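Right, one structure below, let's go through it.
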Amino acid sequence: MTIKMLDIERQRAAMEPGLTESVLAVLDHGRFINGPEVAELEEQLREYVGVEHVIACANGTDALQILMRTIGAGAGDAVFVPSLTYYATAEAVSLIGATPVFVDVDLETGCMSPASLTAAVDEIVAEGKLTPRAVAPVDLFSIPADYTALRAIADKHGMKVLIDAAQSFGTETPSGRAGRFGDAAGTSFYPSKSLGGYGDGGAMFTNDPEIAKAARAMANHGVYAGQHHYIGTNSRLDSLQAAILLCKLAVFDDELVKRRSIAERYAAGMDGHVAVPVAPEGVAPCWAYYVIRSANRDALASHLELNGVPSVPYYKQAVHAQPAYDGARIAPGGLPNTDIFSAELLCLPSHPYMTDDEVAQVIEAVRSFNG
Ligand SMILES: Cc1ncc(COP(=O)(O)O)c(C=O)c1O
């Protein structure tokens with residue numbers, strides 16, 4: 001039996017008949033853009049994340065680039081990003097004309113390393129060519145970045161902290177849910193995310209009224225109070241997608257319980273065979289992605305495939321190593337931890353509709369690998 005990375009059929013069954021009814025309701029009222037579902041979704045997300053302002057938008061990449069524009073980042077500015085992330089974190093920086101500076105990650109969490117960030121910022125400051133403008137840490141594979149340490153470095157240099165929370169919607173920390181930290185955060189509703197739509201979608205979260213006002217306008221051609229105040233873009237979330245995401249949000253907490261129980265079983269069953277992810281004290285990740293490490297990653301992936309278990313080598317090639325970033329700025333001392341992760345990471349299926357037998361099958365497949 002081959003397991004799926006995602007099982008949208010089983011998830012859909014859990015949401016029917018409400019899902020079809022919600023979609024039909026949009027077809028009936030016909031307000032496909034800025035319909036009531038968008039405002040309702042923003043309100044529910046606001047409550048869920050525990051943040052003052054939520055602005056829905058077209059995708060996670062737009063969320064990041066719009067947030068960067070709200071703080072005035074652009075040409076001549078340095079924005080510090082990890083290289084161990086999805087390409088879009090850095091791409092958003094380049095799209096607004098700023099310069100991404102790639103920083104190494106912490107070996108425990110896979111998230112941005114404060115020590116590497118300090119070294120990178122110091123070098124940029126000493127050089128005097130770029131203005132350090134923002135730090136954009138990523139909550140990698142659902143694990144929150146070290147916001148406190150990163151914030152202290154950002155504050156020292158007058159930088160904003162814009163968090164890429166595309167992979168952490170639903171993650172709980174002792175100080176609240178992911179998305180409510182930093183000056184603002186952006187998330188993605190790409191289908192494979194913890195809250196994934198039936199297409200593209202994203203949202204911006206902030207407690208800063210100025211950022212919120214600019215972000216809302218910029219996602220809709222710079223309009224507020226009937227006039228175009230900014231050069232914005234078209235990054236609206238469709239009413240249909242909002243209707244679908246509302247149905248998904250209704251089952252989200254049940255899904256989190258299942259995702260966390262799968263992660264517990266994986267950790268108990270695989271520890272000692274591969275390196276399992278470890279959450280910081282008091283953190284309950286959403287486990288949108290369950291990513292293990294193995295020194296023999298590619299052979300393990302082949303073995304898993306033979307045993308009906310799909311896997312994805314996230315992120316086999318870090319962003320600074322992509323052709324588009326040939327010659328990009330990286331932190332002094334290089335990115336040794338990023339290189340280790342890139343060689344060893346492997347994402348396993350962890351969707352909330354896995355059966356107990358499927359979970360056991362994944363564990364057994366990992367344990368039977370003699371690499
Ligand atoms: C860490 C990270 N940042 C940004 C994005 C971009 O989101 P989107 O695909 O919705 O533009 C993604 C997901 O695709 C991601 O995983």
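The values are calculated or read from the model by the stated rules, or taken from the named source; none is laboratory data. Keep in mind it's a predicted model, so treat the numbers as computed, not measured. Note that each Cβ is placed from the backbone with ideal geometry, even for glycine, and that neighbours are counted across all protein chains shown.
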request  = Give me a count of the residues in region 253-274 that are under 20 Å from the mean Cα position of the chain (by Cα) and farther than 14 Å from PRO285 by Cβ.
outcome  = 1
query = Which one of these does ALA165 not meet: (1) aliphatic (A, V, I, L, M); (2) closer than 24 Å to CYS111 by Cα; (3) away from the ligand (no atom under 13 Å from the Cβ)?
reply = (3)
remark   = Reported set for region 54-93 where residues are away from the ligand (no atom under 11 Å from the Cβ) and in a helix (DSSP H, G or I) is ILE66, LEU67, MET68, ARG69, THR70, VAL93
inquiry  = Among the residues in region 135-150, are any in the same structural domain as ILE163 (by TED's automatic domain parsing), assigned to a helix (DSSP H, G or I), within 14 Å of the ligand (Cβ to nearest atom) and of a type outside the set (Phe, Trp, Tyr)?
reply    = yes
message = Checking the condition of a type in the set (Asp, Glu), farther than 28 Å from ALA78 by Cβ and either within 10 Å of the ligand (Cβ to nearest atom) or modelled with pLDDT of 95 or more (or both), which residue from ASP155, ASP200 passes?
response = ASP200
remark   = When (1) closer than 22 Å to TYR315 by Cα; (2) touching a Ser or Thr at 6+ places or on another chain (Cβ under 6 Å) are applied to LEU162, the one that fails is (2)
ask   = Just one of the numbered conditions (1) more than 14 Å from the ligand (Cβ to nearest atom); (2) touching a residue at least 60 places away in the same chain (Cβ under 8 Å) is not true of THR20; which one?
value = (2)
